[in-house]
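Derivation of every value follows stated rules applied to the coordinates shown; laboratory data play no part. Because the structure is a prediction, the values reported are computed rather than measured. Cβ coordinates were reconstructed from backbone atoms using ideal geometry, including for glycine residues, and neighbour counts include every protein chain displayed.
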Amino acid sequence: MHRTRFTFIAVSAALAFAGVAGCGEDGAGDQAVAAPPETTEAAETGESTTETSTTEDATGSGESEGSSGSGDAVEIVEFEYEPEEITVPAGTTITFTNQDVAPHTATADDTSFDTESLDQGDSSEQTFDEPGTYPYFCRFHVFMKGSVIVE
């Protein structure tokens with residue numbers, strides 16, 4: 001009986017570790033990255049520019065640099081984008097900040113922008129110059145979805 005209990009505990013621990021270890025891979029390991037199944041026509045015709053800049057202060061939290069023009073924010077908290085949908089005027093710079101314990105991305109369905117991997121406290125700025133709808137997802141957690149609507 002003790003051998004069976006030990007085996008169960010060992011297997012459970014190994015599976016739990018494998019699930020956590022694979023969560024933050026940046027596409028280089030065993031982590032498979034799946035693209036979302038659909039894109040919208042508006043996102044395919046729009047344009048955006050990408051600026052990514054983070055710095056670490058003494059507390060280890062990321063701090064965004066070089067914001068240009070007006071700005072809005074999307075926070076990543078508990079495997080969700082907050083807000084999930086954001087509407088902004090053309091020319092707006094949106095700062096995506098990961099407040100979650102796991103690494104995340106905000107990657108456009110049409111690949112017009114990508115924050116790359118953001119660890120907890122990291123930020124990335126994305127400027128949206130062209131009107132349209134820009135749906136995005138997390139490359140690590142494809143169930144996470146959001147969208148930017150540029151007017």
Residues whose placed amide H lies under 5 Å from that of residue 139, excluding near-sequence neighbours: 105, 107
If packing is taken as the average count of other Cβ atoms within 10 Å, what order do 73-85, 93-105 fall into, highest mean first? 93-105, 73-85
